[in-house]
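The values are calculated or read from the model by the stated rules, or taken from the named source; none is laboratory data. Computed from a predicted structure; not experimentally measured. Neighbour counts are summed over all protein chains in view; Cβ atoms, including those assigned to glycine, are modelled from backbone coordinates with ideal geometry.
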Amino acid sequence: MTEDIRHHSTRVKRRRRHKSSVTNINIFALSPGAEGAISETELPAQVAQASGQVEDEEFFGAVVSSELLERRAKRLEKQEQEIRERTFDLERREAELEEREARFEADMYLREDEIEVRERELAELEARLGQKETDLGSFVARVQGGLLADAG
């Protein structure tokens, strides 16, 4: 068991190799005047030298081609169109949801009104039933009183 712990601790202590950043790779691939392979150590020096010699506009003009800009513009336009479509779809769904919610709310109010009407009708029927029970009780008492008077 202690071997497992030691093995695990050595595994945890290992570190990943440092990878060069994407920026360095892009500069390497797009650096102007790159005739041969440039090592990563020479790259920052060459970039500093290039930026000192060439103005920003010229440097970026050489690095970014018109084809690249056109592809990016088309991709951006396509993404914007997709976003517009998604936004339209989302707005349509929200409108449908609001409409459905309004219908449910209206149905709920109608049902509440219907329940209130039924409750009033039931209250009236209960009152009539109570009155009839009272009338029936007094009638029975009179009949029983009349029968007792006739029998006695």
Determine, yes or no, whether residue 113 is part of a helix (DSSP H, G or I), surrounded by fewer than 10 Cβ atoms within 10 Å (Cβ to Cβ) and of a type in the set (D, E, K, R).
no
Right, residue 139: part of a helix (DSSP H, G or I) and modelled with pLDDT of 95 or more or not?
no
